[in-house]
Amino acid sequence: MARQAGEFMNPGELTHQIAIQIKTTTQDSDFKAVLAWHTWRTVWAAPLEKTSKEFYRLATNNTEITEVFRIRYIAGVNSHQRIKFGVKYFEIIGDPINEGEKNKTLILTCSDKAV
């Protein structure tokens, strides 16, 4: 039986670790500003099948979505961050979707275009 949006998430569904990264400004040895990505949170995620009805519902205005993740709800996740999954990096497309508006799970739609 399929889980309805916003229902309790079975922790066994979260089988992959991803890192949510933020862009920060640091200084190099010459005291020049340098942009760098740093891990903000490491969380367990469930990569979703891109052939599912849910994937097509999430597709937006000619943006190529190459990966979709479901994670437990975390306040502060936004489209200015990126996802590191293994050795690949993904741009978060749009604001995360708070499933059922219940603050239990988030859907992150991502693109593997350069970030």
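Every read-out reported here was derived from the displayed coordinates using simple, explicitly stated rules and does not represent laboratory data. Because the structure is predicted, anything quoted here is derived from the model rather than measured. All Cβ positions, glycine included, derive from the backbone under ideal geometry; neighbour counts span all protein chains shown.
Points worth noting:
- Contour minus Cα-Cα distance for ILE22 and HIS80 (0.36 nm per residue): 20.2 nm
- All other residues whose Cβ lies under 12 angstrom from that of VAL43 are scored, Lys and Arg at +1 and Asp and Glu at -1, for a net of +4.
- The aspartates and glutamates whose alpha-carbon is closer than 17 Å to the alpha-carbon of LYS88, local same-chain residues fewer than 8 away aside, are GLU64, GLU67, ASP112.
- The label-point distance for THR39 and ASP112, in a model that sets each label 7 Å from Cα toward Cβ, rounds to 2.1 nm.
- Descending Cα extents along the principal axes, the stretch 14-111, whole Å: 52, 29, 24
- Distance between modelled label sites at GLU101 and PHE31, nm, 7 Å Cα→Cβ extension: 5.1
- 12 Å Cα-Cα reach of LYS104 towards aspartates and glutamates, excluding residues that sit fewer than 8 places from it in its own chain: GLU7
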